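I have placed the structure first, in the form of structure tokens, so that the comments after it can refer back to it.
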Amino acid sequence: MSTTQTWRSFLTNWPAEFQRRGVLLSVLNETIPFNNFWLQDEMILIERKNPDTSGARFILITFDRIDSVRLIDPVSESAIAKAGFAVNRATATV
């Protein structure tokens, strides 16, 4: 699965237990705090928490330009598991 497909899949199936806010980091190293987002084809429309230096409140970015998404709210282990993440027991340390 390509990075583009991975981001599209995760954002399309955003876990209900996760707040729809966080910080997106683009491949151009732009940090984008967001309060909400919407999806369309190959793009995501992000609502910024505050306008950027040019006054923009919303940004459109393609999935292939996303480097990482940071969650700013606490997330429980059960919510992480429901989102499909698991500990690799073979390499986990105690």
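The values are calculated or read from the model by the stated rules, or taken from the named source; none is laboratory data. Since the structure is predicted, the reported quantities are computational estimates derived from the model, not experimental observations. Using ideal geometry, Cβ is built from the backbone for each residue, glycine included, and neighbour counts are taken over all protein chains shown. The area values use the complete protein model at the heavy-atom level, side chains included, leaving out ligands, DNA and RNA. Shrake-Rupley method; radii C 1.70, N 1.55, O 1.52, S 1.80 Å.
Some points to look at:
- Solvent-accessible area of the chain (1.4 angstrom probe, protein heavy atoms only): carbon and sulfur portion equals 51 percent.
- 222 nm mean residue ellipticity, helices alone, for the chain (DSSP H n ≥ 4; -39,500 (n - 2.57); rounded to 500): -4500 deg cm²/dmol
- Short-range pairs are left out: with C-alpha atoms under 8 Å and at least six residues apart, the relative contact order of the chain is 29 percent.
- Summarising the amide proton neighbourhood of D67: residues at separation of 5 or more, or on other chains, whose placed amide H is nearer than 5 Å comprise L25, S26, V27.
- Normalised per residue, the accessible area of the chain is 69 Å², obtained with a 1.4 Å probe and no contribution from ligands, DNA or RNA.
- Other-chain or far-sequence residues with amide H under 5 Å of K49's (modelled H): F34, N35
- Check: the chain dipole with +1 on Lys, Arg Cβ and -1 on Asp, Glu Cβ, in debye: 180 debye
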